[in-house]
Amino acid sequence: MVGTQSLKYDNQIHIIDFDDENNIINKNVLIHQAGEIWHISASPADKGVLATCYNKTSDSKVMTCAAVWRMPKELESGSHESPDDSSSNTQTLELLCHLDNTAHGNMACVIWEPMGDGKKLISLADNHLLLWDLQESSSNAVLSNSAALEGKGQLKFTSGRWSPHHNCTQVATANDTAIRGWDTRSMRQIYYIENAHGQLVRDLDFNPNKQYYLASCGDDCKVKFWDTRNVTEPVKTLEEHSHWVWNVRYNHSHDQLVLSGSSDSRIILSNMVSISSEPFGHLVDDDELSDQEDHHQEEKTKEPLQDSIIATYEEHEDSVYAVEWSSADPWLFASLSYDGRLVINRVPRALKYHILL
Amino acid sequence: MSVPQGGPLPGPAEPGSEPPGGKRRPHGMLKLYYGLPDPAGEARGGLPPGGDPGGPTDINGAHFDPEVFLTKLRKECSLAQLMDCETDMVKQIRALDSDMQTLVYENYNKFISATDTIRKMKNDFKKMEDEMDCLAANMAVITEFSACISSTLQDQHEQITKLSGVHTLLRKLQFLFELPARLTKCVELEAYGQAVRYYSKARSILHQYQHMPSFQGIQDDCQKIMANLAQKLREKFRDGGSGAKDLAECVELLLQLDEPAEELCDEFLSHARCRLEAELEALEAELGQPGGAPITDILEFIDRGCNIFVSNMCLVIASYQELFVSREGVQGITRMAQDKLVAFVNSLMETYFSLVERRIQLEKGVGDNSLLVRALDRFHRRLQALAKLLPASNVAAEGTEIVVRAAKERIRQYLLALQSFYQDCLTDVRQSLAAPRLAGKESPNLAELLGTISASVLNQIKSVLTYVHLFTAKDITFSNKPYFKGEFCSQGVREGLIVGFIKSICQTARQFCETTGDKGGSTPPALLLLLSRLCLDYETSTISYILTLTDEQFLVQDHSPITPVTSLCAEAREAAQRLLNHYVKVQGLIISQMLRKSVETRDWVNTIEPRNVRAVMKRVVEDTTSIDVQVGLLYEEGVRKAQSSDSSKRTFSVYSSSRQQSRYAPSYTPSAPLDTNLLSNIQKLFSECIDIFSPVEFNKVSVLTGIIKISLKTFLECVRLRTFGRYGLQQIQVDCYYLQLYLWRFVCDENLVHFLLDEIVGSTAHRCLDPVPMEQSVIEVICERG
């Protein structure tokens, strides 16, 4: 049984459970009253708590704010047992606290400290990096630290990611074409990848197992892999998408599996064996190839484009804006596109066994 | 003297054989009589009608029997015939009688004189016999005397012989005793050759009689002097001032003095080495300062090297071989000497080669290389001579090796030169692309530039080929080495130079695609376009032309694998494709950046009601038009879909109808999200998925379609990230309509533009707080006014 979270623009939060055994999708809808949601992230410590960035329109002004919310109790306790699994089941989120951003402008995203006790948050607001401490019972958020990005022109953070390594003291952020790394203790910049992408950097992700490795994607249709110790050039570049890549995600437990979603309405699952934490150069590499070929014959919809590309998913009909691995089952992932379609896919079985065995 | 005596002279002649002349006839008869062969007579003898010649009926025959003849006549002949015969016979007898009388008369005088002569001779012989007897007596006396004298002289003769022997011995002894003095004198006069000759004459004798004290003394003296002489010779030898000939002389003398050959070899060689090394140093000095320009040109350098060093080397080798190697002597010495010589030559030639090679490496100019080729040729030729002189050494092989290396190096340099030339061309193009833009007429010279660059590159290739071709010219000695015939042509020139160059062109093209992607387009897009066209031209014609040219000039005999034309063409085509794709990307990026900035920087919630098309849209259309012109200069029009030829009127209507749908879209309320999905899905059912950054084809329409797709998709994505007010939506509507009015003619499938623009308006409506669309007529009015 897995749980994924998804958002709709229409001010609802849908909690979707996917029952692996029965192939049944359960959906719970929570009303998000504040406004349309732009970014969402769940607390790693308390699974009932989540943070959102949302648009608030008032007096003909659009502001993007951030807040921390708590889901209703009964959902936490196991939603699949909930008697009403229809979509009409709407409940309201309980507001825990606002992250006050009036001084800093629009919130781009909120990220939780990945290993902590759910007390620390980073939010990116225009050109500020804000570190928040949640007070007791998460009812109050205090701005504990902040750093500002300075430069000419209007600099805006587009996304950020909290590194799970180094005792959670590193955050990477992206603005325009550059990627920056921050130390949360001193709030200083520790590395800076200039011109990481030819155009806007859309998303980042840290390799969960290799502390210096970072994946990024952007408007130049590329997914790049970086070693933060040597930022002059990428370790590897994938150029498979034909439009902006909106999202890139490492698999939580098998870091050779990388998902990327793009506005060419495709999701590409790549197998980056060469830069993963797995020992490179299996004796069975040839088998892997033949496996892929078998797989190709079995399923026509998935085509291995290259050695490193496992599958391309083309179920979406419009731009894919988000992809995410399941936190419970490492072989499952979901993707969301503009046409409002959420697609849950599984890693090809042959590859799964190949990695496991 | 023959006298016709008796015989059948008066015999009857045959009736048919009348003698032609009385004179002639009797001789014939006489001859017949004496048994002499007379061909005429014999011939005549066969004629008588009586048949058997010599038979009893033949009147001229030896066995003539008158009885038989008469009976025969009587039997056979008539009376008349007998009468005739009788008259005939009488006539003949008369004639014969007169003949006989004439002969007797003629020969009578001769008989008389012969008798006289014989009588005279008898008297003379008698006188002579007496004189002969006298002579014999005298001779006997003389013999006796002579014997007497010789017996007397015998003793004295023996004495004289003995005396002359003693004399010779004495002279030898005198020579020996005088030898030290003479030698000293010779040494003083520096007539070493003479001295050695003297000494070598005396040496064996002295050696033989050295047990005698006096000879011992002489020998000691001589040896001392000769040691001195040898010393002097050696000094002279070491001195080094003398030429090779003197040196050779010295060595010869020393050898005659039984100096150890090995030592001499060493000394000779070391001496020669000194001189040759000095020459090498002089050569090295000519190399000039390291890094600095060489003092003399390469031909002169090689010339000098050949004339001085190599010829001296030859001289040394020749004299050495004459002195040591070809000498009749112990085999071991010959071999040792030969080995030494080879080692010596090899070591020196190595130095020389390294010098030559350094010099060749200094030769970096890439212009006409005939000088270099000639220099190499000369170098090679001289080495051949040297190698002939000393076949055991590997100079020839190494020399060829050097030439080969030089040729390879040359090819490499030409490749570099070609590449840099190409880069220069690109820089020129870049500059001329930048310059006229200031002058205001940016595009008309694109095609010209393309022509210029391809022509100049082609010319450069041709001239380089000509230069390289010198290496294989017929009059160059090394051109018929297998390397130059085979590998040089195919691997060196064809693969290394031409294929390498073409590959580097493609490589450069690819680099343009890759680097600019990261660094934000430092290459002017027009250059990308130009290069793309260039690569395409290469693919279609130039590559095969160049390769054919190369193959013709260098008749490749080598069968090593060569890059086929097709793969090069494929590479060029790929490069062209990538460049064009990149061009599309860059141009698309420029326009989409413009659109993105315009969408992101505006506050769409609080805009005023649209009165005009936004300036940025006009700019987009302008840019697209200029790109269209630019691409049109280099690429053909390409194929549009059928409906594109329709008038713009219909385009409007299509657009309007789809607009009708999209205008519908905003009317649903947020509570009915399913409708939106349904609607957009239905829309999408009718339009295929669009590949935004798809590869383009080599024509104008395809290029522009690519650019416009990219731009509009960006517009769409940007719009989806914003929130719009009512007027914001209306502004987008106006903008889209404007774009639609102008962009359709650039693309191959106008439905694509419609689809994307509808999507934009639809998304805007979706993102709109207060979706109230503008009237279509108003939009049209605004757009036409703008």
Taking the Cα-to-Cβ direction at B:ASP124 and at B:GLU697 and moving 7 Å from each Cα, how far apart do the two end points lie in nm? 13.7 nm
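Can you sort A:HIS241, B:HIS157, A:HIS165, B:HIS766 by how many other beta carbons sit within 10 Å, fewest first? Spell out each step's value before the answer.
Details: A:HIS241 26, B:HIS157 10, A:HIS165 17, B:HIS766 22.
Result, fewest neighbours first: B:HIS157, A:HIS165, B:HIS766, A:HIS241.
Using square roots of five times the C-alpha gyration tensor eigenvalues, list the equivalent-ellipsoid semi-axes of the stretch A:153-239 in whole Å, biggest first. It would help to have the intermediate numbers written out before the result.
Numbers: eigenvalues 71, 49, 21 Å².
The answer is 19, 16, 10 Å, longest axis first.
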With 10 angstrom as the radius, rank B:ILE505, A:ILE355 by how many other C-beta atoms surround their C-beta, starting from the fewest. A:ILE355, B:ILE505
Theoretical FRET efficiency, 1/(1+(r/R0)^6), r = Cβ-Cβ of B:VAL781 and B:ASN606, R0 22 Å, to 0.05: 0.35
Provide B:LEU752, A:LEU257, B:LEU135 in ascending order of the number of other Cβ atoms located within 10 Å of each residue's Cβ, fewest first. B:LEU135, B:LEU752, A:LEU257
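Take the cross-link list B:LYS408/B:LYS503; B:LYS503/B:LYS618; B:LYS462/B:LYS700; A:LYS120/A:LYS352; B:LYS201/B:LYS236; A:LYS210/B:LYS713 and give me the ones stretching past 30 Å between alpha-carbons.
B:LYS503/B:LYS618; B:LYS462/B:LYS700; A:LYS120/A:LYS352; A:LYS210/B:LYS713
Read the figures in this text as sums done on the coordinates, not as results from a lab. These figures come from a predicted structure and were not determined experimentally. Because the Cβ atoms are built from the backbone with ideal geometry, glycine has one as well, and the counts that use them run over all protein chains shown.
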